[in-house]
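Encoded as structure tokens, the structure appears first; notes follow it.
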Amino acid sequence: MGELIQVLLFYLLVYFAINGLDELGVDARMVVVWMRQRWAGSRLRLPGMERMKRAPEQRIGILVPLWQEAAVIEAMVETNLRQVDYQNYDFFLGVYPNDRETLAAVTRLEARYPRVHVVVNRRPGPTSKADCLNHVFQEVARFESKHGADFPVLMLHDAEDLLHPASLRLVNWYAVRHGMVQVPVLPLPTPWTEWAHGVYCDEFAEFFQRDLAVRHAEGGFLPSNGVGTAFRRDCLEALAASQEGCLLDGDSLTEDYEIGLKLHQMGCKQILLPLTREYGETLATREFFPRSVRDAVRQRTRWISGQCLQSWERNGWPLRGSLSYWFWRDRKGLVGNFLNALALVLLALSVVATLAPEATGLGRWIWLAGSVPGAQVLFLACTMFSVERLAVRTVLVARIYGWGFAMGVAPRMLLSAVMNCVATARALRRYAAARWKRKRLSWLKTEHAFPIQSMQVASSQPVEQPALAMVAAAGAGAATVSVAAAGWAMLGGTPTELRGGTPTELRGGTPTELRGGTPTELRGGTPTEMGRDAQRAAQRSAYRAARRSVGDSNQGAHRSASRWQHSGGAPAKPDSGGARQAYPACHRPAGVCGGAGPADARQAPRRNGPSRQQPGAEPRAVG
């Protein structure tokens, strides 16, 4: 028995040493990225506000899927309408016919504000966020055909989001050359006593300054965060054309992660805007995340189910350069979250055995741990990695939320390890049960809150963002952690459930097993009519066709965009002479992707003139 424990301890330490090296490597590359930006001139040159105001405003459609959001949606829309420094945009609010309170709230908004439009889902809810967005996306095309409008850029947001005043101007500026623009996302500051929400503050501050920054700089795919993500319209149309007319898969739990991956594979240019204070408050979309441990575990269960398990099932794990590495970063929490919790248990046993070895009978734990070959070196390495990890996260959190809040990073890391372990166990159980019963994974709704009281201002005055405690970091600082605690409690650093992006909170609740009365083609892992391998091969073929069309069609547009952006001039206004054809209905059976089935394949009337994307035509170039 003793030898078995020694072997287990040895391999446990080896795993933590490997994970620690991985985290140290990301930290080192983060420093290199910062140095290049600071001294080598590779920093993204953000345009000034006056320069952005001179550029023509493309019409931006903001898509907001809703399910039981009556308590927050009116405050969210009215607040953002007052404070956003942009004129040419509209809200499209997707709601379900059986969600009466939310439907009444958005109807009042539509009556008061001309730029607010209500989209009622064809089926009763809840279905899923992807299903709701599919319907909204199709309705945008019908709105364009009916009113002679054009929305070259579409942006995703949630019912609890607080937009930065300059975010739409930056999206308008960078969407000329990029198919996907991601605005950073940060939790609103809360008192340090709200430990669960504080974990989100720590993780998102680190995620956007470290993980996503390195990922973007090295050319890895940029997963959408589900909020604050803008897409150029031709990119979305090319993606939908490669998926039988279906933009998003209605069964996906993390459709934002999937769309970022697929656009990258198609050759769509992606850009991550930096966390900067050049436009007043830190450039970020702000919102409240779950503020109780129970709600946080519930949300993380969905994240892990979607990003780690469902994405692995759908996309595999291709051994292709950096893509394989970032998949490892996204999915290693399936094992690491359990081992982090095991490390906490071993830490507690070690502390008890050290304080009372004879009274407790745990004295041999110390002997076993010390007798593992190479244990002393591995313990020292894990301790150094842990202290370094803690110091880096503390500095990054302090840059956003201040040093006072950052002093709680260490205990919040312990809480995060526990929550991630429980969420991983629940995700694995739900996934296994769904596969065994041949059912689809169901959604887990998370309740949302909006900072209404902090937004109570006169309607005639612009709304200011909440005052945030933000202090620039003065240096790395020295984090002191006991050797035992660092060696066992942190051991390798941060959980990785956020590695694939920061998915938005749940929209849409639990999908019904039957979509609109029609049985779905795919039930929890059962093969589709074509067969999963055949579908993947067809999708890869469509991706390759879209990628082949990237270069030629967009070179001229990119050269033109480069001239006007670097010269301070203005580009030609988007082409609005021809009508955009109503978005073709999804050709998959109802319920597979959330789009309309063949019975609903009706196209809205369109104006005279060529459409931008003909159904059945070769996907347009993206870039």
Check: Got a sec? What order do K439, K146 fall in by accessible area at 1.4 Å, biggest, i.e. largest, first?
Finding: K146, K439
Note to self: If each residue of separation counts as 0.36 nm, what is the full-extension length gain between R108 and K146 once their alpha-carbon separation is subtracted?
What the structure shows: 11.5 nm
Notebook entry, point to check: Summing +1 for each Lys or Arg and -1 for each Asp or Glu, what net charge is found among the other residues whose Cβ lies under 10 Å from the Cβ of Y279?
Noted result: -1
Notebook entry, point to check: For the residue pair Q87 and R51, what label-to-label distance in nm results when each label sits 7 Å from Cα along the Cα-to-beta-carbon direction?
Noted result: 2.2 nm
Notebook entry, point to check: Which percent of the accessible heavy-atom area of region 31-118 goes to carbon and sulfur, probe 1.4 angstrom?
Noted result: 49 percent
Check: Would you list L44, L188, L319 from the most to the least accessible area, probe 1.4 Å?
Finding: L319, L44, L188
Note to self: So if each residue of separation counts as 0.36 nm, and I subtract the Cα-Cα distance between N315 and E194, what length gain in nm does that give?
What the structure shows: 39.9 nm
Note to self: With the cut-off at 1.5 for a/c, could you classify region 31-121 from its C-alpha gyration tensor as rounded, prolate or oblate?
What the structure shows: prolate
Note to self: Can you give the FRET efficiency to the nearest 0.05 for R115 and Q37, using r as the Cβ-Cβ distance and R₀ = 30 Å?
What the structure shows: 0.25
Next item on the list: When a/c is below 1.5 the answer is rounded, else prolate if a/b is larger than b/c, else oblate, so apply that to region 76-157 with a ≥ b ≥ c taken from the square roots of the Cα gyration tensor eigenvalues.
Entry: oblate
Check: Among M35, M30, what's the order by accessible area (1.4 angstrom probe), most exposed first?
Finding: M35, M30
Margin query: I'd like the distance between the alpha-carbon centres of region 5-40 and region 44-83, rounded to an integer number of Å.
Written below: 38 Å
Check: Based on the Cβ-Cβ distance from E101 to R29, what FRET efficiency comes out when R0 is 60 Å, to the nearest 0.05?
Finding: 0.80
Item checked: ³J(HN,Hα), Karplus 6.51/-1.76/1.60, whole Hz, each residue of region 216-224, x for Gly, Pro -> 5, 5, 8, x, x, 5, 9, x, 5
Margin query: As a test of the definition: which semi-axes, in Å, follow for region 128-281 when you take the square root of five times each eigenvalue of its alpha carbon gyration tensor? Largest first, please.
Written below: 27, 17, 17
Check: Using modelled backbone amide H atoms (1.01 Å from N, in-plane), which distant-in-sequence or interchain residues come within less than 5 Å of F91's amide H?
Finding: I62, V116, H117
Checklist line | Debye intensity ratio in log₁₀ form over the Cα atoms of region 122-208, taken at each q of 0.10, 0.14, 0.19, 0.23 Å⁻¹ | finding: -0.42, -0.76, -1.10, -1.21
Notebook entry, point to check: Can you pull the accessible area of Y174 for me, 1.4 Å probe, Å² to the nearest 10?
Noted result: 10 Å²
Checklist line | Derived scalar couplings ³J(HN,Hα) [region 88-95; Karplus, 6.51 cos²θ - 1.76 cosθ + 1.60; whole Hz; x for Gly, Pro] | finding: 9, 8, 9, 9, 10, 9, x, 9
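Using 0.36 nm per residue of separation minus the Cα-Cα distance, give me the extension gain between V335 and Y11 in nm, one decimal.
Value of the extension gain: 115.3 nm.
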Margin query: With a 1.4 Å probe and all protein chains kept in place, how much accessible area does S145 have, in Å² rounded to the nearest 10?
Written below: 10 Å²
Checklist line | Heavy atoms of E101: accessible area, 1.4 Å probe, square angstrom to 10 | finding: 140 Å²
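What does the net charge come to around V387 if you take all other residues with beta carbon closer than 13 Å to its beta carbon, with K and R at +1 and D and E at -1?
Combined, the nearby Lys, Arg, Asp and Glu give -1.
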Check: When the Cα centres of region 294-333 and region 374-405 are compared, how far apart do they sit, in Å?
Finding: 24 Å
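The values are calculated or read from the model by the stated rules, or taken from the named source; none is laboratory data. Because the structure is predicted, anything quoted here is derived from the model rather than measured. Reconstructed Cβ throughout: ideal geometry from the backbone, glycine too, with neighbour counts over all protein chains shown. Just so you know, the surface numbers come from the protein's heavy atoms only, side chains and all, with ligands and any DNA or RNA stripped out. Shrake-Rupley method; radii C 1.70, N 1.55, O 1.52, S 1.80 Å.
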